[in-house]
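Peer 1: The structure under discussion is supplied below as structure tokens; questions concerning it will follow.
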Amino acid sequence: MNSPAKLVIFDWDGTLFDSVGQIVASLQFAAQQFQQPLTNADAKSIIGLGLPEVAQRLFPAVPELHTDILQAYSDHYVANSSGDSWFEGVAHMLADLQQQGVKLAVATGKSRKGLDRVLKQTNSEELFVTTRAASETHSKPHPLMLEEILAETGVQAEHAIMVGDTSYDLEMAQNIAMPSVGVSYGVHAPELLAQFNPVCIVDDVAALHSALLAKVQWKPAV
């Protein structure tokens, strides 16, 4: 018997929001201000983690500079990201899912301040029944933010699904046997996403929309 997901939890950057390019540019700007080497590939690879984890991974040799580097990143991002927006088709997909009676949530590596800013920017506060930011819980791939969302919504993990563009998203879901869908148009390659046993990997928002509307039997991740 088919059992559609009752709750869909989305990552933000690279999944709903077309912001990866600006995140990389702002990380590069911050690194240059403090004469720290940083490749585009390395900057892109950490998108999805909380900011403290980003600093630890990208700049492990200069922990004394982490606060200043992150502040430079945040200031540059806020000053230059006003043109960032949802990927084409996201607004329609979210509205359609909501009309189908599916609960929607967000689990992101952004700070609460940053998430609240982009929720307001996209006029989407009312679309999501709850949201979690890395600054108020554990960073991905620790599953605490998913556990908190499940507890708040009263939905069991097997009746929810995590949608994300990084291995951190899918590993987080796998850690509590929650089904997941990977999207290949964001940060991590399909080969990396596949290692965490998503139900499927889709190449664009239209395919994601179709996958989420399909009344299939979501099976818990192994």
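The values are calculated or read from the model by the stated rules, or taken from the named source; none is laboratory data. Since this is a predicted model, take the numbers as computed values, not measurements. Glycine also receives a Cβ, built like all others from the backbone with ideal geometry; neighbour counts cover every protein chain displayed. Ligands, DNA and RNA are stripped out before the accessible areas are found, and what is left, the full protein with its side chains, is counted by its heavy atoms. Shrake-Rupley method; radii C 1.70, N 1.55, O 1.52, S 1.80 Å.
Peer 1: Across the stretch 106-121, what is the total count of residues that are over 20 Å from LEU27 (Cα atoms) and open to solvent by 20 Å² or more (accessible area, probe 1.4 Å)?
Peer 2: 3
Peer 1: Still on this structure: List the number of the failed condition for LEU193; all other conditions in (1) buried (at least 22 other Cβ atoms within 10 Å of the Cβ); (2) modelled with pLDDT of 95 or more; (3) closer than 20 Å to VAL90 by Cα; (4) of a type outside the set (Val, Ile, Thr) hold.
Peer 2: The failed condition is (3).
Peer 1: Could you give me the residue pairs with C-beta distances under 7 Å whose first residue belongs to the stretch 42-66 and is among the hydroxyl-bearing types (Ser, Thr, Tyr), whose second residue is open to solvent by less than 30 Å² (accessible area, probe 1.4 Å) and outside any strand (DSSP E or B) wherever it lies, and which are 6+ apart or on separate chains?
Peer 2: Close Cβ pairs (under 7 Å, with a partner that is open to solvent by less than 30 Å² (accessible area, probe 1.4 Å) and outside any strand (DSSP E or B)) do not exist here.
Peer 1: Name the pairs whose Cβ atoms lie under 9 Å apart, with the first residue in the stretch 136-153 and touching a residue at least 60 places away in the same chain (Cβ under 8 Å), the second among the charged types (D, E, K, R) and in a helix (DSSP H, G or I), and 6 or more positions between them or separate chains?
Peer 2: Cβ pairs passing all conditions: SER139/GLU53; LYS140/GLU53; LYS140/ASP169; LYS140/GLU171.
Peer 1: Also, quick follow-up: From the residues in the stretch 66-105 that are over 17 Å from ASP13 (Cβ atoms) and among the β-branched types (Val, Ile, Thr), which one is nearest to the chain's Cα centre (by Cα)?
Peer 2: In this case the residue turns out to be VAL102.
Peer 1: In the stretch 181-197, which residues are among the small types (Gly, Ala, Ser) and within 12 Å of the chain's Cα centre (by Cα)?
Peer 2: Answer for the stretch 181-197, where residues must be among the small types (Gly, Ala, Ser) and within 12 Å of the chain's Cα centre (by Cα): GLY182, GLY186.
Here is a yes/no grid of residues against (1) farther than 25 Å from ALA214 by Cβ; (2) at pLDDT 95 or above:
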residue	(1), (2)
ASP68	yes, yes
TYR77	yes, no
LEU97	no, no
ALA107	no, yes
VAL118	yes, no
GLN121	yes, no
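Peer 1: Could you count how many residues in the stretch 122-133 are surrounded by 15 or more Cβ atoms within 10 Å (Cβ to Cβ) and either in contact with an Asp or Glu (Cβ under 9 Å, 6 or more places away or on another chain) or under 21 Å from VAL54 (Cα atoms) (or both)?
Peer 2: Count: 5.
Peer 1: Of the residues in the stretch 75-105, how many are among the small types (Gly, Ala, Ser), open to solvent by 30 Å² or more (accessible area, probe 1.4 Å) and closer than 30 Å to THR153 by Cβ?
Peer 2: Going through the stretch 75-105 one residue at a time, the tally reaches 5.
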